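Q: After the structure tokens below, expect a handful of questions from me.
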């Protein structure tokens with residue numbers, strides 16, 4: 001494992017043997033701090049690791065990407081309040097980053113408003129990265145009321161994206177009860193920046209677009225992955241459901257097309273750890289593999305590939321990524337100040 005300089009929340013994507021992680025200072029992970037503007041540090045960023053080259057220091061060539069171009073944060077700087085993101089390969093070899101940004105609300109003069117009453121002014125930011133560059137070049141901002149409480153995002157590969165809204169409301173009692181009663185939905189926005197609401201779900205969390213073109217959505221409450229097709233009229237059709245019998249967080253897709261899911265065996269301890277990072281929380285990783293059947297259908301096989309039920313090494317694992325070439329597993333955590341790298345035995 002390797003340590004970062006400050007406690008951070010980590011999410012991830014893999015592209016071209018590079019591992020991209022978004023890093024958030026840990027104050028945001030404490031309950032009630034997401035909307036606490038006074039504790040906002042403006043230090044969120046995306047970092048890069050060369051997953052096939054650990055290096056002598058074991059830091060995998062870790063370096064940070066800089067935002068360039070016409071992007072402006074709420075404070076007229078290039079600060080970003082990043083959450084989930086996805087990466088799309090463009091025909092000219094550039095990488096397009098689709099990134100959720102939980103901007104604090106401001107008035108017309110740029111003064112911060114009370115986010116505890118209004119919630120975040122969440123948007124989707126689009127950046128391009130030229131291979132070998134360290135600059136994220138700003139492309140555009142997508143703002144729409146349907147982008148309400150975005151948790152994660154998957155590019156549609158035709159200029160649009162699909163998001164999970166993990167709550168039904170930005171603030172209030174209903175939001176606070178979401179982990180009990182559920183809430184939230186999935187939605188899509190097209191290349192014209194027009195957005196369309198989709199089916200409700202019970203705390204939809206991670207989302208990926210599989211190599212089969214279907215969208216896989218993890219539910220933290222149901223412990224299931226819902227499988228959707230996105231129709232040409234901007235609607236979703238649920239075509240399958242995969243039961244993992246455990247609350248789920250983020251999903252990822254490896255080069256083989258397998259889906260990796262981060263499981264949360266003890267949700268109560270997860271909540272405790274949000275207030276006290278010293279609380280050890282069990283972690284589980286699943287692999288979901290799709291097989292064609294003789295009758296022209298398909299079936300999914302779920303395998304528990306790793307579990308640290310005593311939280312000796314892993315704790316509150318919210319993301320897991322598989323490097324097919326080396327067999328390494330990379331684990332990101334909502335609380336821990338490091339990424340854990342597990343070598344293939």
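The values are calculated or read from the model by the stated rules, or taken from the named source; none is laboratory data. Note that the structure is a prediction, hence the values are computed from the model and not measured. For neighbour counting, all protein chains shown are included, and Cβ atoms are generated from backbone atoms with ideal geometry for every residue, glycine included.
Q: Report yes if residue 74 is at pLDDT below 95, in contact with a strand residue (DSSP E or B) (Cβ under 6 Å, 6 or more places away or on another chain) and within 26 Å of residue 157 (Cβ to Cβ), otherwise no. Break it down into steps so the answer makes sense when it comes.
A: Values: at pLDDT below 95: yes; in contact with a strand residue (DSSP E or B) (Cβ under 6 Å, 6 or more places away or on another chain): yes; within 26 Å of residue 157 (Cβ to Cβ): no.
Criteria not met by residue 74.
Q: Another question, then. Regarding residue 264, is this residue buried (at least 18 other Cβ atoms within 10 Å of the Cβ), touching a helix residue (DSSP H, G or I) at 6+ places or on another chain (Cβ under 9 Å) and modelled with pLDDT of 90 or more? Walk me through how you get there before you give the answer.
A: Numbers: buried (at least 18 other Cβ atoms within 10 Å of the Cβ): yes; touching a helix residue (DSSP H, G or I) at 6+ places or on another chain (Cβ under 9 Å): yes; modelled with pLDDT of 90 or more: yes.
Judged against the criteria, residue 264 is a match.
Q: Regarding segment 297-307, can at least one residue be identified that is under 20 Å from the mean Cα position of the chain (by Cα), assigned to a strand (DSSP E or B) and touching a residue at least 40 places away in the same chain (Cβ under 8 Å)?
A: No, that holds for no residue.
Q: Could you identify the single residue in 84, 58 that is in contact with a strand residue (DSSP E or B) (Cβ under 9 Å, 6 or more places away or on another chain), at pLDDT 65 or above and more than 24 Å from residue 148 (Cβ to Cβ)?
A: Details: 84 fails: more than 24 Å from residue 148 (Cβ to Cβ).
Testing whether each residue is in contact with a strand residue (DSSP E or B) (Cβ under 9 Å, 6 or more places away or on another chain), at pLDDT 65 or above and more than 24 Å from residue 148 (Cβ to Cβ) leaves just 58.
Q: Scan segment 207-229 for residues that are touching a residue at least 60 places away in the same chain (Cβ under 8 Å) and over 25 Å from residue 297 (Cα atoms) and report the count.
A: Adding up the residues that qualify gives 0.
Q: Additional query: Pick from 38, 79, 47: which is at pLDDT below 90, outside any strand (DSSP E or B) and surrounded by 14 or more Cβ atoms within 10 Å (Cβ to Cβ)? Talk me through it step by step, then tell me what you get.
A: On the way: 38 fails: surrounded by 14 or more Cβ atoms within 10 Å (Cβ to Cβ); 47 fails: outside any strand (DSSP E or B).
Result of the check over 38, 79, 47: 79.
Q: Is it the case that residue 232 is in contact (Cβ under 8 Å) with a residue 60 or more places away in the chain and either farther than 17 Å from residue 286 by Cα or in a helix (DSSP H, G or I) (or both)? Spell out how you get there, then give the answer.
A: Details: in contact (Cβ under 8 Å) with a residue 60 or more places away in the chain: no; either farther than 17 Å from residue 286 by Cα or in a helix (DSSP H, G or I) (or both): yes.
Taking the combined requirement at face value, the residue does not satisfy it.
Q: Sort through 281, 321 and tell me the only one that's crowded, with 19+ Cβ neighbours inside 10 Å, in contact (Cβ under 8 Å) with a residue 12 or more places away in the chain and not in a strand (DSSP E or B). Please lay out each step first, then the result.
A: On the way: 321 fails: not in a strand (DSSP E or B).
Checking each option against the conditions leaves just 281.
Q: What tally of residues in segment 205-244 results from selecting those that are under 21 Å from residue 266 (Cβ atoms) and buried (at least 22 other Cβ atoms within 10 Å of the Cβ)?
A: 6
Q: What are the residues in segment 108-132 that are over 16 Å from residue 82 (Cα atoms) and modelled with pLDDT of 95 or more, if any?
A: Matches in segment 108-132: 129, 130.
Q: Here's something else I'd like to know. Has segment 317-331 got at least one residue that is at pLDDT below 90, touching a helix residue (DSSP H, G or I) at 6+ places or on another chain (Cβ under 6 Å) and closer than 15 Å to residue 248 by Cα?
A: no
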